[in-house]
Structure formats: structure tokens, C-alpha cells
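Worksheet: one structure, shown below.
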Amino acid sequence: SMWGPAKDEL
Amino acid sequence: MNIFRLLGDLSHLASILILLQKIQSTRSCRGISFKTQALYATVFITRYLDLFYDWVSLYNFVMKIFFIASSCYVLYLMKYKYRPTHDPSIDTFRVEYLLGPCAVLALLFHYRFTLPELLWSFSIFLESVAILPQLFMLQRTGEAETITTHYLAALGAYRALYIPNWIYRWFTEDMVDPIAVTAGIVQTALYLDFFYVYFTKVLQGQKFELPA
């Protein structure tokens, strides 16, 4: 899976 | 966007409106930790720096502006307008014990070694523990006004709803944010004790009181 920041979350 | 995250964000929004309603209707910030509120303002300002250079969506933009503005407004209300109703002698949690370790964690765990990314990581860790001065104060006084417990319940529900959101995203988008997920699980766990009393007492119509 893709591991990274969920920058669309608040 | 999925239903869990949307409900979580709405719950977060509701928690802030409940907090403002509590302060305005009782004309007092009694029972609210200034330290926790100051930590939340710090969390939003350090995390939403990307407001100026990263466009996500109108929803995302409006929410970020709202969270920064409302957290600063709450600080103003507590520090100036209703200052006499705030008792610093019971708001005694040492925030440096939170700020220091969060800064160290951000230096250790981040996605890129740049200032905005380090601040983003710092804000994620800080948010997970920002409620501690408030819970500590609750523990000390042993009771809370019902509206204050609704504020905390809505805030806790926001965090709890982000967990199914991450599970959903893991399955549908194959995407995992290990920093946000770890911090989020810790943050939700901190509410378990509070939720127990909230469900067994407040929602049964009793006053929020901790056993002596």
C-alpha cells in the first residue's frame, strides 16, 4: 500500500 | 472524502460551536482549560501553514480558516472578555512536558525534513495530547458542567470517527498515513475513560461526577 501523509485530512 | 471523515469533521465543528455556546450562555469559561485551548490554537496554526501554498478543496480551505479563527477567538474570550472566570490555579498541567516530546517526535518521525513538514508532524503529535490539560483539570475538580461534557464528547467523537475513516481509506484507496494513524489512535484512547463516565452518567441524565 501507499504510505504517506494524508494532507487532504483536517 | 467518506462518511466517517465527514461526520468526524462535522463533530469537530459541533464541538467548537458547543464550546462557544457554553462560554456565551454561562458568560464564563469556568471548567475550560486555557492550556488545552492554547495547544489547539498552536496545533491549527502549525498544521495549516499549507493554507498559503497548497490548495486541496474549498471544503478543506473553509474548515482550516474556521479552525484557526475559532481557536484564536476562544483564546481571546478566555484571556480578555471572560478573564475573571478563568482560574489558573486549577489549570496546572505542565505543557512543556507535552511540547518537548512532541518536538522530538517530529524530528524523528516526519515525511520530509523541511520546516513545514516538521511543523505538520509536530502538530499531529501535539493534537494527540492537547486534551490532557483539560482532562487533568476535570480529574482535579472531579465534576463538570453538562455542556462542557458535551463539548468533550463531540471532540472525542471526531477523533474516534477518524479511525474508521483510515480503515476505509486503507481498503478503498490503499493509502495509509502511519504518523496520523498512530497519533490518532493514542488521541482516541485518551478519551476512553471520559467516554465511560459520559455514557454511564451524563447520557442517563446525571451530573458528570467522578468517584472521590
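The values are calculated or read from the model by the stated rules, or taken from the named source; none is laboratory data. Please read these numbers as outputs of a predicted model, since none were measured by experiment. Cβ atoms come from the backbone with ideal geometry, glycine included; neighbour counts cover every protein chain shown.
Structure summary
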{"quantity": "Top-ranked residue in segment B:51-85 [being hydrophobic (A, V, I, L, M, F, W, C) and assigned to a loop (DSSP other than H, G, I, E, B); ranked as farthest from the other protein chains (Cβ to nearest Cβ)]", "calculated": "B:Trp55"}
{"quantity": "Residues of segment B:84-103 that turn out to be over 24 Å from B:Ile23 (Cβ atoms), in contact with a Phe, Trp or Tyr (Cβ under 9 Å, 6 or more places away or on another chain) and surrounded by fewer than 14 Cβ atoms within 10 Å (Cβ to Cβ), as a count", "calculated": "1"}
{"quantity": "Top-ranked residue in segment B:169-184 [being more than 8 Å from chain A (Cβ to nearest Cβ) and under 22 Å from the mean Cα position of the chain (by Cα); ranked as surrounded by the most Cβ atoms within 10 Å (Cβ to Cβ)]", "calculated": "B:Ala183"}
{"quantity": "Where B:Arg140 falls short, out of the listed (1) at pLDDT 95 or above; (2) within 15 Å of B:Phe208 (Cα to Cα)", "calculated": "(1)"}
{"quantity": "Pairs with Cβ under 7 Å, 6+ apart, first in segment B:56-83 and more than 19 Å from B:His12 (Cβ to Cβ), second of a type in the set (S, T, N, Q) and in a loop (DSSP other than H, G, I, E, B)", "calculated": "B:Tyr82/B:Ser28"}
{"quantity": "Meets criteria (closer than 16 Å to B:Leu132 by Cα and buried (at least 16 other Cβ atoms within 10 Å of the Cβ)) for B:Asp50", "calculated": "no"}
{"quantity": "Pairs, first without any contact (Cβ under 8 Å) to a residue 40 or more places away in the chain and over 17 Å from A:Ala6 (Cβ atoms) in segment B:97-122, second part of a helix (DSSP H, G or I) and among the hydroxyl-bearing types (Ser, Thr, Tyr), C-beta under 8 Å, six or more apart", "calculated": "B:Leu105/B:Ser121"}
{"quantity": "Some residue of segment B:32-42 being part of a loop (DSSP other than H, G, I, E, B), at positive phi, more than 14 Å from every other protein chain (Cβ to nearest Cβ) and not hydroxyl-bearing (Ser, Thr, Tyr)", "calculated": "no"}
{"quantity": "Residue list for segment B:10-35, restricted to those being touching a residue at least 60 places away in the same chain (Cβ under 8 Å), surrounded by 15 or more Cβ atoms within 10 Å (Cβ to Cβ) and closer than 16 Å to B:His150 by Cα", "calculated": "B:Ser11, B:His12, B:Ala14, B:Ser15, B:Ile18, B:Leu19, B:Lys22, B:Thr26, B:Arg30, B:Gly31, B:Ile32, B:Ser33"}
{"quantity": "Candidates B:Glu127, B:Glu145 - the one that is surrounded by 14 or more Cβ atoms within 10 Å (Cβ to Cβ), in contact (Cβ under 8 Å) with a residue 60 or more places away in the chain, at negative phi and touching a Gly at 6+ places or on another chain (Cβ under 8 Å)", "calculated": "B:Glu145"}
